[in-house]
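Here the structure is laid out as structure tokens; the discussion comes afterwards.
Throughout, read-outs are computed from the coordinates displayed, never taken from laboratory work. If you're wondering where the values come from, they're calculated on a predicted model, not measured in any experiment. Cβ sites come from the backbone with ideal geometry, for glycine too, and all protein chains shown count toward neighbours.
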Amino acid sequence: MSDLSHIRSLLNARRPGHALPQALYTGADAFDFDLKAIFWRDWIMVGFDIEVATPGATLSLDVGTSPVVIVRGRDGALRAFHNSCRHRGAMVCAPGRRQSARLVCPYHQWTYDLDGRLITARRMQDDFDPKDHALRPVHVRSVAGCLYVCLADEPPAFEAFAEGLAPLLAVHDLKNAKLAHEAVFVEKANWKLVMENARECYHCAAKHPHLALTFPTDVKAHFAADEAGRVDRFNARMERAGLPIGPTMGEWWQAIRFPLNDGVISMTMDGKHAVSRLMVEAEGGDVGSLRWATEPNAFCHALGDHVFMFSAQPSGPMETVVTAKWLVHKDAVEGVDYHVESLVALWLTTNQQDIELVENNQCGVRSLGYTPGPYCEDAESLVMRFTDWYCQAAGRFIDGQGEA
Ligand code: FES
Ligand SMILES: [Fe+2]
């Protein structure tokens, strides 16, 4: 059976409303398939404009297993490229954030301009034409200060997402933010288990006692109005302050501003702002959380005082790299307006708890006795949305390949 036929048979075997068949969480062919069908076709959140703010700034990272670099040009435009030298393929830009006038391959010093053109290749023969060896471009888009790349030739439509998110996020003014902290976790679990875990709070009350102090852990998707009228009161307050709340959603994205628990104004250990220099002045920065999630791999919370990003990338059949970033106002001074430890403590603790959960989940999913069980429709509706989206995207990809 070809890999595609095998994946098709697994998709066919899947019971709606249930966890996925085992081999989709464990198989080497499922990992390869997910890179091709999902991570190299969809819009992938990679970070924020402010990480590549000035001409010559680069942000280099792997999308799945494929290195990509995002570059701010001298003309101010954002561009992205496959981070693979057109000579013998070395990675041109080192991972992470750098600043350079040109992109110089470390191997034989082929040198590219910030727009990807090859401008120097020492000692090459007379018939060598640099014009034929520019870095290969990748689609990149910015929405309200957030960066997304797409490695497909023909990316999915982006406009509806951008138009939905931009007005919600505008008040957080991400163009005037700075990166306060970044953390990277290597998790021994398939990326879909990592994302399923990230899309539900069924486990939160028991496993995230700190998160549960600030985050309403028992609500359904989209934080529907509760009987005490808490959400209605919050929504009315946001309307008076002129802050849109959404929700807005499409096939692969959703965003909503929702109230935190009573008496709580930020997602921190004590529920207070961790940063005194606020990102949102309206309502004294007491604006709940704007949560936006994009399939396949990310969610963010924008609070009055900071922004948190969670982004997962598959690095092996049962290994995932999670990158977490915290933004604060660019004028917030570390040690004066905030302390990194208190800013990051809640999500660092929560992520460490989640790593244990997903690695344990992966261990059990490997069992001979694993049988996909039913999701809780009330508490795991966003997990169902995620796995439904995954199965549809996977099926569409196979249909487009004309086999299986
Ligand atoms: S591989 Fe880049 S210059 Fe040789
Ligand atoms: Fe969790």
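Quick one: if the Förster radius is 45 Å, what FRET efficiency do residue 3 and residue 240 give, using the C-beta to C-beta distance and rounding to 0.05?
0.20
Run the reach check for residue 325 against lysines, Cα to Cα strictly under 17 Å, same-chain hits fewer than 8 apart removed. What comes back?
List returned: 175, 178.
For residue 339 and residue 232 in the same chain, what is the full-extension length gain: residue separation times 0.36 nm, less their Cα-Cα distance, in nm?
On the way: separation 107, 0.36 × 107 = 38.52 nm, distance 3.38 nm.
Full extension of this stretch gives 35.1 nm more.
Cα extents of the chain along the three principal axes, largest first, in whole Å?
77, 56, 34
Report the relative contact order of the chain, percent, no decimals, based on alpha-carbon pairs under 8 angstrom and at least 6 residues apart.
20 percent
Set the Förster radius R0 to 45 Å, insert the Cβ-Cβ distance between residue 359 and residue 126 as r into 1/(1 + (r/R0)^6), and round the FRET efficiency to 0.05.
0.20
Enter the Cα centre distance for the pair region 243-318 and region 58-82, rounded to the nearest angstrom.
The two parts, judged by their Cα centres, are 25 Å apart.
Using only alpha-carbon positions, what ratio does the radius of gyration of region 44-150 give when scaled by 2.2 N^0.38 Å? Could you put the intermediate results ahead of the total?
On the way: Rg = 13.5 Å, N = 107, 2.2 N^0.38 = 13.0 Å.
Computed over Cα atoms of region 44-150, the ratio equals 1.04.
Under the Karplus relation 6.51 cos²θ - 1.76 cosθ + 1.60, θ = phi - 60°, what is the ordered set of whole-Hz ³J(HN,Hα) values for region 288-303, x standing for Gly and Pro?
Once rounded to whole Hz, the list reads x, 10, 8, 9, 10, 10, 10, 6, x, 9, 9, 9, 9, 10, 10, 9.
Ordered by packing density, taken as the mean number of other Cβ atoms within 10 Å over each peptide's residues, highest first, how do 210-217, 147-154 rank?
Averaged packing, sorted descending, gives the order 210-217, 147-154.
From the square roots a ≥ b ≥ c of the eigenvalues of the alpha-carbon gyration tensor of region 329-404, which class results: rounded (a/c under 1.5), prolate (a/b over b/c), or oblate?
Taking the square roots of the gyration eigenvalues as a ≥ b ≥ c, region 329-404 is prolate.
For region 147-219, how big is the tail of P(r) above 16 Å, as a whole percent of Cα pairs?
Of the Cα pairs, 74 percent sit more than 16 Å apart.
For region 1-59, take the convex hull of the Cα atoms, compute a quarter of its surface area, and give me that in nm², please.
Seen from a random direction, the Cα hull of region 1-59 projects 6.2 nm² on average.
List the cysteines of the chain that have no other Cys Cβ closer than 4.7 Å: which are they?
For the chain, the answer is 93, 146, 150, 300, 363, 376, 391, because their Cβ atoms have no other cysteine Cβ under 4.7 Å.
At 7 Å along the Cα-to-beta-carbon direction for both residue 178 and residue 158, put a label point, then send me their distance in nm to one decimal.
2.8 nm
Could you give the C-alpha radius of gyration of region 173-365 expressed as a fraction of 2.2 N^0.38 Å, taking N as the number of residues it contains?
1.01
For the chain, what does -39500 (n - 2.57) per DSSP helix run (n ≥ 4), summed and divided by total residues, give at 222 nm, in deg cm²/dmol to the nearest 500?
About -8500 deg cm²/dmol.
List the residues whose amide H sits under 5 Å from the amide H of residue 146, counting only those 5 or more places along or on another chain, with H placed 1.01 Å from N in the peptide plane.
When sequence neighbours closer than 5 places are left aside, the close amide H contacts are 49.
Quick check on packing: order 106-118, 126-138, 62-74, 86-98 by the mean number of other C-beta atoms within 10 Å, highest mean leading.
62-74, 106-118, 86-98, 126-138
In straight Cα distance, which aspartates and glutamates are under 18 Å from residue 188, not counting same-chain residues fewer than 8 positions off?
Within the straight-line cut-off, residue 188 pairs with 29, 32, 34, 62, 196, 319, 354, 356, 359.
Using θ = phi - 60° and the Karplus form 6.51 cos²θ - 1.76 cosθ + 1.60, what ³J(HN,Hα) does each residue of region 16-21 get, whole Hz, x for Gly and Pro?
Using θ = phi - 60°, the values come out as x, x, 10, 4, 7, x Hz.
Quick check on packing: order 45-53, 362-370 by the mean number of other C-beta atoms within 10 Å, highest mean leading.
Highest to lowest by the protection proxy: 45-53, 362-370.
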